[in-house]
Amino acid sequence: MAGVAVEATDGTVEVATKSGTSGAFELTVRRTLIRRHSLILSFRHQGYEPYDVLDPVGDQLYIAKMAPLRSDTVEPDAPTVRVAHVSVRYTVKTPSTVDIGPGVKTFDVTNKGNVSCRGDPVCSPDGKWKAASASASLDAGPDNEFRNGRLSCIAGPCPFTAIEHDGFSHGGRIIDATVINWSDTTTFLLQAEAVRRILSESIRRSYPVIIDRTMNFTLPASADGTCVEAELDGTPIVFPIGPNLSMSWADCETQTELENTRLYRCELKRGYVFR
């Protein structure tokens, strides 16, 4: 239970704190005070019976089981609002890709076969034959990128060719390729699929765990636009949860957990019951 006032006192010196969302708390008491005086560890919360622990021992585990007060101030016929079908709706931004279309380009590597290489700028890998090189590139455009880039020889004596530069396998906005050919003219096909990365909002729904008059739920750190949807006496109502965690029928507190997930704990106000 959150918000419980916790005090450690020896009758004169007091050390106080409040419990967090999970009910845990931390108090620092001087060792000399513990050794010389009897301590009383007290727990107080509106709507609950007081709870005291006399002379708490440091190496023991304690659970303060606070019992709710029975209200004698509420009229017997006072209306009780029933809260039912509670769910939590929120949005998260998720990365996705949109297909823009294919990128296609053909290019020729013009050359004449069976010509010896005599100091030419480009020769076959074994240095025996005169060769030629040609390049091609594709631009996907701003905010786009190519995927699944590939290069194929589609005409001519393809076995007498080699890829000199591979600028397409890893994708990107601009892909390119350079081919050498040491035989007759060949034709190559450079192609890839263009996509665009976008962030899209998707609606998620969570269902809180309800125990007695308290409901608990967790949300990822990226959650936005959080709303609690519930039926109050059969009427569906949406309750946005803002920074102040204010709802007409419950008091809520939040705590940051591991990996920045957020734990919410909401307790019903007087006059409301879960159904």
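The values are calculated or read from the model by the stated rules, or taken from the named source; none is laboratory data. Predicted model, so just to flag it, every value in this text is computed and none were measured. Positions of Cβ are generated from backbone atoms using ideal geometry, with glycine treated the same way; all protein chains shown enter the neighbour counts. Ligands, DNA and RNA are stripped out before the accessible areas are found, and what is left, the full protein with its side chains, is counted by its heavy atoms. Shrake-Rupley method; radii C 1.70, N 1.55, O 1.52, S 1.80 Å.
General remarks:
- A cysteine counts as unpartnered when no other cysteine's C-beta lies under 4.7 Å of its own; in the chain this applies to C227.
- Exceeding the 26 Å Cα-Cα cut-off - candidates K93/K269; K65/K269; K18/K269: K93/K269
- Three principal axis lengths of region 95-148 [C-alpha, angstrom, descending]: 54, 18, 17
- Cα Rg, Dmax, region 136-275, angstrom units: 29.2, 91
- Reduced Cα scattering model of region 77-117, Debye log10 I(q)/I(0), q = 0.25, 0.31, 0.33 Å⁻¹: -1.04, -1.14, -1.18
- Among the protein heavy atoms of the chain, carbon and sulfur supply 50% of the accessible surface, probe 1.4 Å, non-protein parts ignored.
- When each of the peptides 107-119, 175-187, 144-156 is scored by how many other beta carbons lie within 10 Å of its residues on average, the order from highest to lowest is 175-187, 144-156, 107-119.
- Percent of C-alpha pairs per 5 Å bin, region 196-256, short to long: 4, 12, 25, 28, 16, 8, 5, 3, 1, 0
- Over all pairs of different C-alpha atoms, the chain has a mean inverse distance whose reciprocal, the Kirkwood radius, equals 26.0 Å.
- Accessible surface ranking for T21, T261, 1.4 angstrom probe, highest first: T261, T21.
- In the chain, Cα pairs under 8 Å separated by at least six residues give a relative contact order of 20 percent.
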